[in-house]
Protein chains: 2
Amino acid sequence: MKYGIAVFPSRKLQDLANSYRKRYDTKYSMIPPHLTLKDPFPVEESELEGLVREIRKTAKECRPFKLEIIKYSSFYPVTNTLYMKAAENKELIELQESLDKGPLERKREHPFIPHITIGQEMDYDELSDVFGRLKLETIHHEELIDRFSLLYQLENGAWTVHETFLLGEDNE
Amino acid sequence: MKYGIAVFPSRKLQDLANSYRKRYDTKYSMIPPHLTLKDPFPVEESELEGLVREIRKTAKECRPFKLEIIKYSSFYPVTNTLYMKAAENKELIELQESLDKGPLERKREHPFIPHITIGQEMDYDELSDVFGRLKLETIHHEELIDRFSLLYQLENGAWTVHETFLLGEDNE
């Protein structure tokens, strides 16, 4: 089964992301707006329990982090994707790296660029049109993230949350 | 903001439910297949923390329960809904009642009938046609549920998981 790890930001930011995703994101109905911490990876049923224990430990050792959205950006020409770019900071990077260590280590296909996708698989004309307009807009949004989720993918491509993990020792 | 409490069953059962939901459930893309433990209810931001603490306590005090799907059924003529009917058992009823006690108590619009919706807002002809076929099928599925989720609704009607709760004192 395929699992992934992601952060769901505040409802406010999810609603804003969805206002674009509705038109431009082919995965709109598969999962709510999110920031991916760990790309989808296969997990055998027999491995799951150990993996979850490891993630629980990691969550406790890491701290809540500031999610700071600084601009709209695009992965073009690598992929025709539009996204909200999040600033890097120590806590976020530490969390992402901790989720890719020891028993959680998986081969990454690309470097970690923290972002929330708002459009993907767009055709070039639409991408350049929408991105042209978004570049003129300023966006600045900050919030504290104190949790993340382990999800698995269903047959239809949609994602279900298996478990949420609270960040930090005292976060309850 | 509107919150609700639900159980996501195994991927196998979700995939089966989705095979019907895809065609017959108008909420197909809003949330994965689920068994509702607590109908949507409004929560003020200031109430949320206390409420979550209460739910955590309740989860620890309750026990994992057997989810046993025994047949296909319909809420017709109350609503044009098709569902998989779950058998009642002590642990499930205790959990549902505990989530409706003290600070968690809310007015219920209808009695608790544990089920997983596979079709809703169907027109009568389709409902009676599909239900006619499903009545001839036998379904028997059992699994152990050891967690449930608190979700909130986005502007577009879709649901995001706020937190999962493990059932029982030793469930970690």
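The values are calculated or read from the model by the stated rules, or taken from the named source; none is laboratory data. Because the structure is a prediction, the values reported are computed rather than measured. A quick note on method: Cβ atoms are made from the backbone with ideal geometry, for glycine too, and the neighbour counts reach across all protein chains shown. With ligands, DNA and RNA removed, areas are computed over all heavy atoms of the protein, side chains included. Shrake-Rupley method; radii C 1.70, N 1.55, O 1.52, S 1.80 Å.
When residues of region B:23-42 are filtered for being part of a loop (DSSP other than H, G, I, E, B) and in contact (Cβ under 8 Å) with a residue 60 or more places away in the chain, how many remain?
Of the residues in that region, 7 qualify.
Of the conditions (1) touching an Asp or Glu at 6+ places or on another chain (Cβ under 8 Å); (2) buried (at least 17 other Cβ atoms within 10 Å of the Cβ), residue B:32 fails just one. Which one is it?
(1)
How about region B:104-128: which of its residues are assigned to a helix (DSSP H, G or I) and loosely packed, with under 12 Cβ neighbours inside 10 Å?
Listed by number, the residues that qualify are B:124, B:125.
If only one of A:27, A:66 is modelled with pLDDT of 95 or more, in contact with an Asp or Glu (Cβ under 9 Å, 6 or more places away or on another chain), more than 14 Å from chain B (Cβ to nearest Cβ) and open to solvent by 80 Å² or more (accessible area, probe 1.4 Å), which one is it?
None of the other options fit; the residue is A:66.
Answer with yes or no whether residue B:155 is part of a loop (DSSP other than H, G, I, E, B), surrounded by fewer than 16 Cβ atoms within 10 Å (Cβ to Cβ) and modelled with pLDDT of 95 or more.
Yes; evaluated as a whole, the condition is true for this residue.
Which of the numbered conditions does residue B:148 fail, given that it passes all the others? Conditions: (1) part of a strand (DSSP E or B); (2) facing another protein chain (nearest Cβ under 10 Å); (3) not charged (D, E, K, R).
Among (1) part of a strand (DSSP E or B); (2) facing another protein chain (nearest Cβ under 10 Å); (3) not charged (D, E, K, R), residue B:148 violates only (2).
Looking at region B:62-84, which of its residues are outside any loop (DSSP other than H, G, I, E, B) and without any contact (Cβ under 8 Å) to a residue 40 or more places away in the chain?
B:83
Filter region A:99-119 for residues that are modelled with pLDDT of 95 or more and either of a type in the set (Gly, Ala, Ser) or under 14 Å from the mean Cα position of the chain (by Cα) (or both) and give the result.
Within region A:99-119, A:99, A:112, A:113, A:114, A:115, A:116, A:117, A:118, A:119 meet the criteria.
Tally the residues that are hydrophobic (A, V, I, L, M, F, W, C), crowded, with 20+ Cβ neighbours inside 10 Å and outside any helix (DSSP H, G or I), restricting the search to region A:1-22.
Residues meeting the conditions: 4.
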